[in-house]
Amino acid sequence: MVPAWHPDFRNFDRLPDVKVVRTAFYTNGISIVVVLIMFFWLGYREYLLHDLTRQIADWQRQIDHDLRASTVAVGQYKKFQTEGLRVAEVERFIKSKPRFSEIVLRLAETLPANVALDGLDFRESAFNLRGTVRGTPDLAAGYASTYLQLLKSDAVFSEKFSEITLAGLNPNPQTGRLQLEIKLQLREGKKP
């Protein structure tokens, strides 16, 4: 058989390859680009890891350098807290303690004319007030009761004392007058 004077376009296997750029070139190029991108990405990650390690080492050196001063500062702060608690306790104690002079002055201001103070006993958590009530026993008992109510209704005493009670009202055989004893109980937590 004689070869045809032109190619047979129906038989694709026998046609010549006319591609300018081969498919293998694109495949190889894309593979190389992917490998380069992965290489640069891994390199960048490695650089970040190295930089982070260096920063950690720098900070650790700084921590080690400042550790002694920090330990001293923490110790001083704990000492300060302890001293602060003591100061707060003293301040609380001073504020909670009613001044004896205030109490005596207020008693003098509220004292009726027919009651005379004989003594004032200043205890751990209470005041005991002793006095003499002038007048007949019936009138003296009324005066004592009125004075007790006056003390209970007084703003200064009701703030400082939780209860004000009549501890005793007894006749004095020598003078014929009534002996008065009133107990003023300090509020809880308020110690003189």
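Throughout, read-outs are computed from the coordinates displayed, never taken from laboratory work. Note that the structure is predicted; figures quoted are calculated from it, not measured. Cβ: placed from backbone, ideal geometry, glycine included. Neighbour counts: every protein chain shown.
Things worth noting here:
- Simple spin-label estimate for R92 and A57 in nanometres, 7 Å along Cα-Cβ: 5.3
- Per-residue ellipticity at 222 nm computed for the chain from its helices equals -20000 deg cm²/dmol, with DSSP H segments shorter than 4 residues left out and the rest contributing -39,500 (n - 2.57).
- Pairwise label distance in nanometres, V104 with L42, each label 7 Å out on the Cα-Cβ vector: 9.4
- Using the Cβ-Cβ distance between D13 and V35 with R0 set to 35 Å, the FRET efficiency from 1/(1 + (r/R0)^6) comes to roughly 0.55.
- The convex hull of the Cα atoms of the range 59-99, projected and averaged over all directions, covers 3.2 nm².
- FRET efficiency for E159 and L139, using Cβ-Cβ distance with R0 set to 25 Å, rounded to 0.05: 0.20
- Measuring nothing but alpha carbons in the range 100-186 and taking Rh as the Kirkwood radius, the Rg to Rh ratio lands at 0.95.
- Taken over the chain, the alpha-carbon convex hull comes to 303 cubic angstrom per residue.
- Gained length - L166 relative to N128, 0.36 nm times residue gap less alpha-carbon distance: 12.7 nm
- Length released on extending from H65 to T175, taking residue separation times 0.36 nm less the Cα-Cα span: 31.1 nm
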